[in-house]
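Enquirer: My structure is below; once you've seen it, I'll send some questions.
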Amino acid sequence: MKPIWQVLLSKAEREVRIAQQKLADAQQKKNLAIERREKLDNMLVEYSDQLRSVQLRSHSTGEVGNFQQFIAQLQSMKSRSKQEMSMLDEDCTVARKYMMVREHERLKIDMLAQREREKFELEALTRENREIESNALQQFNFKERI
């Protein structure tokens, strides 16, 4: 049967791994959102440039209207992207704090488990020394009788 500290340590290690995975998932979602935001920025620049080029040449009002409407939609998506980034930043912060708390708990349990191991090793060494001294004393007494 495992000592209690080993059981607690393995449980704490499992919780740390779970917390690390949650942080990695949150970070991945944030990275994907950053990529989407960059694509939106690129599309805004591209379509703004296209709108300017259309306005420089002969154009219909419908064509310009379509570009303007699409750019407005991109700007709306960019605004939602900002809100999403804010939420994802908060999720990452919460996940990081949770992981740090779990890691702190694991370290604390690991330290207590180490203390327990050292205590048992010291007790075993003390017991072994007593047995050696006892055997030596018995041999000395036995030799004295003979």
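Enquirer: So residue 74 fits all but one of (1) closer than 30 Å to residue 13 by Cα; (2) under 37 Å from the mean Cα position of the chain (by Cα); what number is the exception?
Expert: Every listed condition holds for residue 74 apart from (1).
Enquirer: Let me ask something else about it. When both residues are 6+ apart or on different chains and their Cβ atoms are under 7 Å apart, which pairs have a first residue that lies in the range 8-27 and is among the polar types (S, T, N, Q) and at pLDDT 95 or above, and a second that is part of a helix (DSSP H, G or I) and surrounded by 13 or more Cβ atoms within 10 Å (Cβ to Cβ)?
Expert: Listed by first residue and then by second, the contacts come to 20/99; 27/92.
Enquirer: Still on this structure: All but one of (1) of a type in the set (Lys, Arg); (2) over 30 Å from residue 30 (Cβ atoms); (3) touching a helix residue (DSSP H, G or I) at 6+ places or on another chain (Cβ under 6 Å) hold for residue 102; which doesn't?
Expert: (2)
Enquirer: Tally the residues that are of a type in the set (Lys, Arg) and in contact with a Lys or Arg (Cβ under 8 Å, 6 or more places away or on another chain), restricting the search to the range 1-38.
Expert: Initial filter on the range 1-38 (of a type in the set (Lys, Arg)): 2, 11, 14, 17, 22, 29-30, 36-37.
Within this subset, residues satisfying the condition of being in contact with a Lys or Arg (Cβ under 8 Å, 6 or more places away or on another chain) are 37.
Of the residues in that region, 1 qualify.
Enquirer: Counting only residues that are polar (S, T, N, Q) and closer than 27 Å to residue 10 by Cβ, how many does the range 110-146 have?
Expert: Taking the range 110-146 first, the residues polar (S, T, N, Q) are 114, 126, 129, 134-135, 138-139, 141.
Add one more test, that the residue is closer than 27 Å to residue 10 by Cβ, and what stays is 114.
Number satisfying all stated conditions: 1.
Enquirer: Could you list, in sequence order, all residues of the range 100-146 that are touching a residue at least 24 places away in the same chain (Cβ under 8 Å) and of a type in the set (Asp, Glu)?
Expert: 103, 105, 110, 116 - these are the residues of the range 100-146 that are touching a residue at least 24 places away in the same chain (Cβ under 8 Å) and of a type in the set (Asp, Glu).
The values are calculated or read from the model by the stated rules, or taken from the named source; none is laboratory data. Remember, it's a predicted structure, so these values are computed and weren't measured experimentally. Using ideal geometry, Cβ is built from the backbone for each residue, glycine included, and neighbour counts are taken over all protein chains shown.
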